[in-house]
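Okay, so here's the structure we're looking at.
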Amino acid sequence: GQRMGDRAFLGNNLMHDQHVLKTMYALSQALDRKAYADAADRYLRRFATHCADTVTGLFPWGEHAYWHLEEDRVGDSHRLGRPEKAPGTTLHDHLRQAPVWLWEKLYAHNPRCVERFAEGLDYHYKEGEPREYIRHAHIERKERLEWGANSADFPRHGGFYISDWAFAYVKTGREDFLRQIEEMVDYWWPHRDKKGLLLLHTRCPEESLRHHNVNLASQTLSLAASLLESAVLLDGREPELVDRMRERAGVYAGGFLGAPHDLEEGVFVYTCRRRTDEILSTMRVWSSEYGQWPVAYVALICLCAYRLTEDEGLLRWAEAAGKAYMKEPFPEGVAVPAMDAGLGVELLADLYDLTDETAWLEGGLELAEKLMGIYMDGDLVRGAAGIDWYESQMVPGDLLHGLTRLALLAGDRGNCPLAPNYTGK
């Protein structure tokens, strides 16, 4: 079920590898094995000084791009399935959040590559007016993409760009980065409904029934979490902007909680129709599909926002999701991506960390034992259950991170050197 255009088996993809790298740093500290941290540093130093000097400054990572290790160049996943695709049209897509620790590492190795990336984000805006962004942008040519039938300006991507610009602004003090943040903070605000929910796209033709007038609960929360985390970065510098970011994050989080979920029945709403609240799709515990996240993915965003707001509604939503992972059996005969399994463990570990309730730890350890027998028959994690091959785009790093964090918390909850993985927004 994986599109060829999402794969990177000829190279490396930092957006997926970041979870493994962070795990290596934690294990280096916990086990006193300096070699793990040294290896992670070598990776990031090489990437920052050798792989990041692209035409636009945007990195070869994400959904469609990677670094081609055999040919030592930017790799284009789309060309794996369509070799006739024009060279130099490789697309950037953020895919997940780049966390602050990763930006700090890259900045330490090459400050200019971080600054150029922040500059390059402007290429996500399309040619022409009114100003509209798109989740794709060219990496190897300084050209803006044309307008399409729908805007494809998903809320979560706007939050990613705000986070990136916030880090770059703190490091450089550049006013243009601050203006970019302010513009993106205002971009989605007029498109909320009375609850605070945001649309899938700001512009979508009526004939597109799957997308027109569709609220996307998970991405509304994703933008809220990015605003909250970015406000922490900017705190003490831009008080009016920080207040606005936190206020709007609260509205968006309220919109997410106000979607027609039924937590007691285990109904976790993914999309619903604007104005009628008709449920169009729900999240699954196991076996996500392209474009539809598993429940744990969103529950971890809840916990990310909860840590910054102490909104009990967000904690209750995540706890309902956690109970679903302890209750619903792992499916037989379904190739569940390693990401789904890993985020399930990650969720139970984080609930234990936040609440100190041993039921979460016990449930997590039981699930971890089961998953290790399914995904691990050696030193590598399988890309999905029931298949004999490995694939980074199924994000086995999520499983490594989740298992490691759970084990470290079980050993010493008060001194866990591995922070939660909230990059899936």
Top-ranked residue of segment 300-320 - restricted to ones that are more than 14 Å from Tyr352 (Cα to Cα) and among the acidic types (Asp, Glu), ranked as most open to solvent (accessible area, probe 1.4 Å)
Glu310
Test for Val285: is it closer than 20 Å to Arg156 by Cβ and of a type in the set (A, V, I, L, M, F, W, C):
no
Among the candidates Leu347, Leu403, Leu365, Leu351, residue that is within 16 Å of Ser288 (Cβ to Cβ), part of a helix (DSSP H, G or I), modelled with pLDDT of 90 or more and among the aliphatic types (A, V, I, L, M):
Leu347
Only one of these is open to solvent by 40 Å² or more (accessible area, probe 1.4 Å) and within 27 Å of His50 (Cβ to Cβ): Arg131, Arg174. Name it.
Arg174
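Out of everything in segment 1-16 that is part of a helix (DSSP H, G or I) and surrounded by fewer than 19 Cβ atoms within 10 Å (Cβ to Cβ), what residue ends up being nearest to the chain's Cα centre (by Cα)? Let's see the steps before the verdict.
Keep residues of segment 1-16 that are part of a helix (DSSP H, G or I), which gives 4-6, 14-16.
Imposing the further condition that a residue be surrounded by fewer than 19 Cβ atoms within 10 Å (Cβ to Cβ) reduces the set to 4-5.
Values: Met4: 20, Gly5: 18 Å.
Filtering segment 1-16 for residues that are part of a helix (DSSP H, G or I) and surrounded by fewer than 19 Cβ atoms within 10 Å (Cβ to Cβ), the one nearest to the chain's Cα centre (by Cα) comes out as Gly5.
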Selection count, segment 327-360, where residues are over 23 Å from Asp412 (Cβ atoms) and surrounded by fewer than 20 Cβ atoms within 10 Å (Cβ to Cβ)
9
Arg112 fails exactly one of the following numbered conditions: (1) within 23 Å of Ala231 (Cα to Cα); (2) out of contact with any helix residue (DSSP H, G or I) (no Cβ under 6 Å at 6 or more places or on another chain); (3) basic (Lys, Arg). What is the number of that condition?
(1)
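Can you tell me which residue in segment 227-238 is farthest from the chain's Cα centre (by Cα), limited to those that are open to solvent by less than 10 Å² (accessible area, probe 1.4 Å) and more than 16 Å from Glu310 (Cα to Cα)? Before the answer, list the steps.
Let us first name the residues in segment 227-238 that are open to solvent by less than 10 Å² (accessible area, probe 1.4 Å), namely 227, 230-231, 234.
Narrowing the set further to residues that are more than 16 Å from Glu310 (Cα to Cα) leaves 230, 234.
Details: Ser230: 15, Leu234: 21 Å.
Across segment 227-238, the extreme among qualifying residues is Leu234.
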Examine segment 29-39 for a residue that is open to solvent by 10 Å² or more (accessible area, probe 1.4 Å), among the charged types (D, E, K, R), at pLDDT 95 or above and within 22 Å of Gly402 (Cβ to Cβ), and state whether such a residue exists.
yes
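Any idea which of His50, His68 is loosely packed, with under 15 Cβ neighbours inside 10 Å and either without any contact (Cβ under 8 Å) to a residue 12 or more places away in the chain or not aliphatic (A, V, I, L, M) (or both)?
Numbers: His68 fails: loosely packed, with under 15 Cβ neighbours inside 10 Å.
His50 is the lone residue from the list that is loosely packed, with under 15 Cβ neighbours inside 10 Å and either without any contact (Cβ under 8 Å) to a residue 12 or more places away in the chain or not aliphatic (A, V, I, L, M) (or both).
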Take segment 112-128 and flag every residue that is over 23 Å from Cys204 (Cα atoms) and open to solvent by 20 Å² or more (accessible area, probe 1.4 Å).
Arg112, Glu115, Arg116, Glu119
Of all residues making up segment 205-226, the number that are open to solvent by 10 Å² or more (accessible area, probe 1.4 Å) and not polar (S, T, N, Q):
7
Give just the number: which of (1) buried (at least 21 other Cβ atoms within 10 Å of the Cβ); (2) closer than 24 Å to Met4 by Cβ; (3) in contact with a Leu (Cβ under 8 Å, 6 or more places away or on another chain) does Val395 not satisfy?
(3)
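Please find, within segment 406-420, the residue that is surrounded by the most Cβ atoms within 10 Å (Cβ to Cβ) out of those that are in a helix (DSSP H, G or I) and aliphatic (A, V, I, L, M).
Looking only at segment 406-420, we keep the residues that are in a helix (DSSP H, G or I), and these are 406-411, 413-415.
Filter once more, keeping what is aliphatic (A, V, I, L, M): 406-410.
Details: Leu406: 25, Ala407: 18, Leu408: 21, Leu409: 21, Ala410: 16.
In this case the residue turns out to be Leu406.
Of all residues being among the acidic types (Asp, Glu) and not in a loop (DSSP other than H, G, I, E, B) in segment 60-100, which is farthest from the chain's Cα centre (by Cα)? Just the residue, please. Give the steps one after another, and end with the answer.
First, the residues of segment 60-100 that are among the acidic types (Asp, Glu): 63, 70-72, 76, 84, 93.
Then drop every residue that is not not in a loop (DSSP other than H, G, I, E, B), which leaves 76, 93.
Details: Asp76: 20, Asp93: 11 Å.
Going through the qualifying residues, I end up with Asp76.
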Considering only segment 328-342, how many residues are under 19 Å from Gly363 (Cβ atoms), not in a helix (DSSP H, G or I) and not hydrophobic (A, V, I, L, M, F, W, C)?
3
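In segment 139-175, how many are part of a helix (DSSP H, G or I), of a type outside the set (Asp, Glu) and under 16 Å from the mean Cα position of the chain (by Cα)? Full working, then the answer.
Restricting attention to segment 139-175, the residues satisfying the condition of being part of a helix (DSSP H, G or I) are 155-172, 175.
Okay, now just the ones that are also of a type outside the set (Asp, Glu), so 155-163, 165-172.
When the remaining residues are screened for being under 16 Å from the mean Cα position of the chain (by Cα), the result is 155-163.
The qualifying residues number 9.
Is it the case, given these coordinates, that Leu347 is more than 30 Å from His212 (Cα to Cα) and under 18 Å from the mean Cα position of the chain (by Cα)?
So Leu347 fits the description; yes.
Could you tell me which residue of segment 134-171 is modelled with the lowest pLDDT, considering only residues that are aromatic (Phe, Trp, Tyr) and open to solvent by 10 Å² or more (accessible area, probe 1.4 Å)? It would help to see each step written out before you state the result.
As a first pass, look at segment 134-171 and keep what is aromatic (Phe, Trp, Tyr): 147, 154, 160-161, 165, 167, 169.
Applying the additional criterion that residues be open to solvent by 10 Å² or more (accessible area, probe 1.4 Å) yields 147, 154, 169.
Values: Trp147: 92, Phe154: 96, Tyr169: 98.
Here the residue is Trp147.
Would segment 191-198 turn up any residue that is in a helix (DSSP H, G or I) and without any contact (Cβ under 8 Å) to a residue 40 or more places away in the chain?
Of the residues in segment 191-198, the ones in a helix (DSSP H, G or I) are 191.
Subset that is without any contact (Cβ under 8 Å) to a residue 40 or more places away in the chain: 191.
Yes, segment 191-198 contains a residue that is in a helix (DSSP H, G or I) and without any contact (Cβ under 8 Å) to a residue 40 or more places away in the chain.
The values are calculated or read from the model by the stated rules, or taken from the named source; none is laboratory data. Just so you know, these numbers come straight off a predicted model, no measurement behind them. Please note: Cβ atoms are built from the backbone with ideal geometry, for glycine as well, and neighbour counts cover all protein chains shown. In case anyone asks, the SASA skips ligands and DNA or RNA and just uses the protein heavy atoms, side chains included. Shrake-Rupley method; radii C 1.70, N 1.55, O 1.52, S 1.80 Å.
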